[in-house]
Every structure is written in structure tokens, then in C-alpha cells.
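Please read the structure below before turning to the comments.
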Amino acid sequence: MFRLNPSPLNWSNVKSSRRTYFKAIASAKKAHWSDFLSSATPRSLWTAKRFAFGRPPQRFPDLPGASDPAEIAETLLDHFFPSKPPPPLLLRLARYEDYTPLTSEEVSRALSKSSNTSAPGPDHIPYSVWKSVHRIKPSLLPSLLDPLLAHGFHPPSLKKALGIVLDKPGKPSYNSPSSFRVIVLLRTLSKILERVVTSRLSAQATICSLIHPLQCGSLPGWSTADAALVLQHNVECFHRLRYKVSTLFLDM
Amino acid sequence: MENFFTRYTDSSAVFLSFPIVQHNCLGSWDVFLSLFHSFTTLPHPPLLVAIQDPPSRRSVLPTFPGFISFVPPPPGRPRVAIYVSRTLNQHLSCSTVFHGTSDMLSVDVFSPEGLFGSPHRSLRVTSLYLLRINSPPYRSVLPERLFSFLSYPHLVLGDFNLHHLLADPCRSLSEREFTISRRYFEAAFEPLYHLLNTPVVYTRFPFDTVSRPSVLDLAFANTAPSSFVSSWDTPLPSIGSDHVPCVITLNPPAIMLPPPTPHWALLDLEAVGKALDTFTILHCPARPTPNSMSRWFDISSTRLTSLLTSHAPSKRPCPRSKPW
């Protein structure tokens with residue numbers, strides 16, 4: 001209308017229409033955003049954060065003295081995995097006399113705790129494949145892993161891992177290896193063996209009372225809530241006795 | 001996007017081409033999107049895109065599927081950006097080099113086996129935007145910082161905002177233009193950089209009808225161009241900027257690509273079941289040493305993983321690709 005008849009009245013109509021149009025868009029966006037936030041689930045919360053704050057920039061280690069990726073990798077390896085003296089060389093591996101053979105149930109238990117979406121290591125085999133293999137032939141994985149347990153030997157090929165370097169957010173500069181962290185992806189076969197050993201050690205420790213009765217971390221059936229309850233109980237006990245209580249938290 | 005890898009033969013493959021695009025986007029999102037959509041007209045999509053004056057909002061660049069963007073760190077609005085193709089980033093290591101200014105950014109492409117059939121393991125690509133300033137050298141980055149003696153291939157691409165007779169022999173230069181540009185060209189020639197532009201191929205067509213076309217977008221390479229640069233051209237259409245995108249095609253880098261990984265979700269469990277019926281683990285050595293035990297485990301686990309891998313199809317570069 002304003003193009004056909006460019007009068008001041010039409011111009012004011014154009015302005016008010018335009019204002020209404022953009023206001024409607026802004027209010028629709030605001031309402032949609034409020035709806036999205038009100039129906040946010042624990043998963044979609046991170047999507048909301050990404051929308052609100054944008055993607056963090058990708059940072060590369062800009063380390064002094066390391067000009068190409070090989071040198072950067074070497075510097076990071078030296079920082080995160082400093083070289084240690086080699087362990088004493090064993091001439092022969094002795095089989096443990098009172099060793100309990102590995103059963104397929106133990107492997108099943110270890111596999112049941114493993115996530116199919118967990119990132120695999122250098123051999124790219126996920127847990128889902130080992131679960132299928134174990135379902136088809138339950139004796140296979142025990143016969144592969146049992147000799148290692150029987151001789152107390154962890155082969156070097158199971159210690160090889162993929163290292164994914166991630167930047168720590170909010171660091172003032174990224175020219176030091178300490179501004180990054182490494183996620184180590186071991187072979188899934190190695191992690192199955194580790195789980196079996198962990199469950200055996202945990203069972204032995206419980207039987208022999210090697211673990212403090214109030215140890216809550218890394219034990220099945222115990223959680224942070226239990227630790228908080230124990231702390232609250234101790235504090236109240238001391239308050240009843242009219243003691244002053246202070247707590248020291250240590251991040252080891 | 002077109003699959004531009006050769007099929008794998010003997011668990012290895014080479015890139016067919018290594019195109020690099022350079023363009024001044026004038027800070028416009030429309031120009032940026034038009035540029036990336038125009039790549040469909042190229043025979044091979046670019047692996048690196050060096051952009052000057054990229055559009056940005058709160059120092060965050062626009063994204064485009066298939067590319068990762070890199071910009072100089074804050075403070076200051078980024079004046080240059082480099083977009084690296086995810087395909088390139090999956091197969092070669094790419095790391096950024098910052099120069100302490102928002103007008104200049106480099107990306108190092110690294111291959112441990114060497115690139116372009118030479119022992120050079122790195123290729124450095126620098127994106128540059130020389131802004132006009134009022135004090136000498138009258139451009140925002142000193143010429144000595146642009147060109148240096150490097151032992152590996154180095155490409156310097158950008159909007160230099162300089163006129164020189166080598167790039168535009170038909171232009172009559174003023175004394176001032178010649179003085180400013182001579183310093184930069186001499187700094188380039190001292191460490192043996194070569195100009196890649198084809199003379200008289202204009203890269204900027206001003207919007208007004210008064211000014212003449214010019215060659216402001218320059219590309220320099222530090223070794224003999226024929227050794228790794230295949231061509232410099234402007235095949236892409238004008239896309240809203242007064243600059244024309246330049247495409248620098250490098251020779252195929254002749255790199256060994258990693259073999260495709262198995263698609264475990266498509267593992268043929270029926271065939272695996274039949275194969276596992278007859279599969280047995282070798283007997284462990286009776287009185288093993290650490291070495292013999294290691295060897296036994298490696299052989300046994302490799303036999304098992306090979307059996308599994310042989311029953312899983314290989315992953316394709318993208319879901320729409322043809323099977324290997």
C-alpha cells in the first residue's frame with residue numbers, strides 16, 4: 001500500500017505493522033524457548049545449554065617447542081605418561097597353585113556391566129560384539145583370558161590405548177599440557193579382564209575385611225548418599241556430646 | 001556431498017585432488033553460504049577454505065556441514081578463518097598456528113608418511129587479510145612476518161590489498177602503491193616464495209562502475225610451484241562479494257589412508273556362530289616366559305578378532321556412499 005501511495009499515513013501504518021510483525025516473531029521465539037526449557041529432560045538440558053551459550057571453540061595444544069603434531073603428541077605423552085623404570089624382568093611365569101579358574105559366569109557378569117556405546121580402543125571392537133560372541137560360545141573368552149589370570153600376566157598388547165586429548169574449559173591459556181586432559185580408550189578385551197580382576201579383588205577384600213566398613217567409593221551398593229548420611233550421623237553424635245565439629249575434605 | 005575418495009585397494013587409498021578455496025566474504029552470511037553451496041560446481045569439493053573477513057556473531061563463526069572452522073583467538077573480531085573439511089581432518093592431522101593477530105591464521109596439515117610423494121611431512125596454509133593502516137608499512141601485518149624460510153611447503157593465501165605489476169601487468173601503479181607492494185613482494189621473493197596467480201586474471205570487481213577490476217587476492221608458495229601446486233584458477237561464479245573465489249589445486253598428496261573400520265552393527269551373527277563352532281583357542285605354553293605368553297595371547301586374540309572382522313562389512317565414508 002505504501003509503495004502504491006507513499007503518504008505519511010501509510011508510512012505510519014507500515015511502521016506499526018512492521019513493529020507488530022517483529023514483536024510477534026520475538027514473542028513466539030520467547031514462548032517456544034520457555035516451552036522448551038519447561039519440558040527439558042536431563043538429556044535435552046545439554047542441548048539447551050548449547051543453544052544458550054553456543055559451541056565452545058575447538059582448541060589445539062599450542063605448546064612451546066612442539067611445531068608439528070608428532071612433537072605435540074610426544075610432549076603430551078611425556079607430560080601425562082612420564083617414563084617409569086621398567087619392571088623387573090621375569091624369566092618364567094609361574095602358575096598360581098590355589099588359582100580358581102575363570103568361569104563363563106564371571107565373564108557374563110563383567111559384560112553385563114559394560115555399555116554397548118562405550119568407545120572401543122585400538123582394535124575398534126565394541127562390547128556388543130563380545131556379548132554376542134559370549135552368547136554364541138560361552139567357553140571362548142574364558143579360555144582366552146584364563147591363562148593370563150592363572151599366571152598373573154597382563155600382556156603389553158592390552159596396555160596399548162588410544163588417547164583422546166580434550167581441552168579443560170575456562171583456562172586462561174592453552175599453551176601448556178596441563179590445560180588438557182587425556183581420555184584413554186583401552187581395548188574392550190582388556191577392560192573385560194580388568195572387570196573380572198576387580199570383582200575378584202572386591203570379593204576377597206570383603207571376605208578378609210580389608211576394606212573400612214564405611215568405605216563408600218567403588219563398592220557396589222554404596223553411594224554418595226551413604227557417605228553423606230555417615231557424615232551427618234557423626235556430626236550429630238558429636239553435637240549431642242556438646243563437642244564442636246569441623247570437617248576436612250580432601251581431594252586425593 | 002560427492003564421495004571423492006578412490007576405492008580402497010590393498011587397504012590404502014589416495015586423495016584424487018587437494019583443492020583449496022580462498023575468498024573474501026565481506027563479513028556477509030549470504031556470501032558465506034553462497035560460497036559453500038557453490039562448491040557443488042567444483043569437480044572435487046575443497047579440503048581447506050581460507051576465508052577473509054568471515055561473518056561472525058560474538059566471535060563465533062557460522063558452521064557448514066562437513067567442515068570444522070578455526071579462527072584466531074580473542075580478543076578482537078576474527079578477520080580470517082580457515083575451514084577444514086572433516087574428511088581431511090579424519091585422515092590427516094590438522095593443527096592451527098596462531099600469529100598473535102586476528103588478521104592471520106595458519107593450519108598445518110601433517111602426515112607422518114610424507115605428503116605429495118616427498119619427505120615433507122607438513123603443509124602449512126596461511127590465511128591472511130592485510131588491512132590498510134595509516135602508518136608504515138601501511139598494511140596491518142609486517143611483510144617479514146608473512147614469509148619465512150621453512151623446510152616444508154607453505155602456501156600464503158589472502159586478500160593482500162596490494163597492487164603489483166607481477167599480478168596485474170596492465171595496471172598503471174601510483175608511486176605510493178608501488179612502494180607499498182614492492183616491500184611485500186621483495187619479502188616474499190627473498191625466502192624463494194613464488195606468486196601463483198595467473199597475471200591479468202582479476203579477483204576483485206568493484207561494485208561501482210568507475211573503479212577498474214584488480215588483483216588483490218594473491219597466493220604465494222615457498223617451493224617451486226610445480227612440485228606440489230597443480231593450478232590456480234577462479235572457476236567459481238561471483239557470489240555476492242566484490243571478490244571472486246580463487247581455487248588453488250594441489251597435487252594429490254599421495255598419502256596412505258587408514259583402512260575402513262568394520263561396521264559392527266551389521267555383523268553377520270549367523271556366519272560368526274558357524275565359524276566359532278570350529279574355532280578353538282591355541283594351547284597356552286606349558287612353562288611360559290613373558291615373551292612367549294605375550295606372543296600366544298597376541299596370536300590367539302588376533303585370530304579371533306580377524307574372524308570377527310571378516311564377517312562385518314566395512315563402514316562407508318558416509319551412509320549414502322556406494323559399498324566398497
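The values are calculated or read from the model by the stated rules, or taken from the named source; none is laboratory data. The shown structure was predicted, so the numbers you read here are calculated from the model rather than taken from an experiment. Cβ placement follows ideal geometry from the backbone for every residue including glycine, while neighbour counts extend to all protein chains displayed. Heads up: the accessible areas ignore ligands, DNA and RNA and are worked out on the full protein's heavy atoms, side chains in. Shrake-Rupley method; radii C 1.70, N 1.55, O 1.52, S 1.80 Å.
Annotations
- Condition met for B:Leu130 (in contact with a helix residue (DSSP H, G or I) (Cβ under 9 Å, 6 or more places away or on another chain), within 22 Å of B:Asp242 (Cβ to Cβ) and more than 14 Å from chain A (Cβ to nearest Cβ)): yes
- Taken as a whole, the condition of being of a type outside the set (A, V, I, L, M), more than 24 Å from the chain's Cα centre (by Cα) and open to solvent by 80 Å² or more (accessible area, probe 1.4 Å) does not apply to B:Arg145.
- Subset of the range A:68-91 (residues that are among the small types (Gly, Ala, Ser) and surrounded by 10 or more Cβ atoms within 10 Å (Cβ to Cβ)): A:Ala70, A:Ala73
- Residues (at the interface with chain A (Cβ under 10 Å from one of its Cβ atoms) and open to solvent by 50 Å² or more (accessible area, probe 1.4 Å)) located in the range B:90-124: B:Ser93, B:Phe98, B:Pro112, B:Arg121
- Counting the residues of the range A:56-66 that are without any contact (Cβ under 8 Å) to a residue 60 or more places away in the chain and loosely packed, with under 10 Cβ neighbours inside 10 Å gives 1.
- Scanning the range A:84-109 for residues that are facing chain B (nearest Cβ under 10 Å) and of a type in the set (Lys, Arg) yields A:Arg92, A:Arg95.
- Just so you know, in the range B:303-316 the residues that are assigned to a helix (DSSP H, G or I) and more than 9 Å from every other protein chain (Cβ to nearest Cβ) include one that is least open to solvent (accessible area, probe 1.4 Å), and it is B:Leu307.
- Residue in the range A:170-184 that is surrounded by the fewest Cβ atoms within 10 Å (Cβ to Cβ), counting only those that are farther than 30 Å from B:Asn291 by Cα and away from chain B (no Cβ under 14 Å): A:Ser178
- Selection count where residues are facing chain A (nearest Cβ under 7 Å), aliphatic (A, V, I, L, M) and in a helix (DSSP H, G or I), scope the range B:258-302: 4
Let's see how each residue does on (1) free of Cβ contacts under 8 Å to residues at least 12 places away in the same chain; (2) open to solvent by 80 Å² or more (accessible area, probe 1.4 Å):
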position	(1), (2)
A:Asn10	yes, no
A:Lys29	yes, yes
A:Asp35	yes, yes
A:Thr47	yes, no
A:Gly54	yes, no
A:Leu93	no, no
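- Residues in the range B:217-224 include at least one that is exposed (fewer than 15 other Cβ atoms within 10 Å of the Cβ) and either at pLDDT below 90 or touching a strand residue (DSSP E or B) at 6+ places or on another chain (Cβ under 7 Å) (or both).
- Within the option set B:Pro55, B:Pro65, being on the phi < 0 side of the Ramachandran plot, surrounded by fewer than 20 Cβ atoms within 10 Å (Cβ to Cβ) and touching a Phe, Trp or Tyr at 6+ places or on another chain (Cβ under 7 Å) holds for one residue only, B:Pro55.
- Filter result (among the small types (Gly, Ala, Ser) and either touching a helix residue (DSSP H, G or I) at 6+ places or on another chain (Cβ under 9 Å) or at negative phi (or both)) within the range B:16-32: B:Ser17, B:Ser28
- Test for B:Lys274: is it at negative phi, modelled with pLDDT of 90 or more and surrounded by fewer than 19 Cβ atoms within 10 Å (Cβ to Cβ): yes
- Test for A:Leu250: is it in a loop (DSSP other than H, G, I, E, B) and either open to solvent by 60 Å² or more (accessible area, probe 1.4 Å) or among the aliphatic types (A, V, I, L, M) (or both): yes
- Checked against the criterion of being basic (Lys, Arg), part of a helix (DSSP H, G or I) and within 14 Å of chain B (Cβ to nearest Cβ), the candidates A:Arg55, A:Arg50, A:Arg59, A:Arg19 yield just one match: A:Arg50.
- Any hit, the range B:228-251, residues being open to solvent by 70 Å² or more (accessible area, probe 1.4 Å), part of a helix (DSSP H, G or I) and either closer than 27 Å to B:Glu144 by Cβ or touching a helix residue (DSSP H, G or I) at 6+ places or on another chain (Cβ under 9 Å) (or both): no
- Some residue of the range A:176-188 being in contact with a His (Cβ under 8 Å, 6 or more places away or on another chain) and hydroxyl-bearing (Ser, Thr, Tyr): yes
- Subset of the range A:134-157 [assigned to a helix (DSSP H, G or I), within 7 Å of chain B (Cβ to nearest Cβ) and open to solvent by less than 30 Å² (accessible area, probe 1.4 Å)]: A:Leu140, A:Leu144, A:Pro147, A:Leu148, A:His151, A:Ser157
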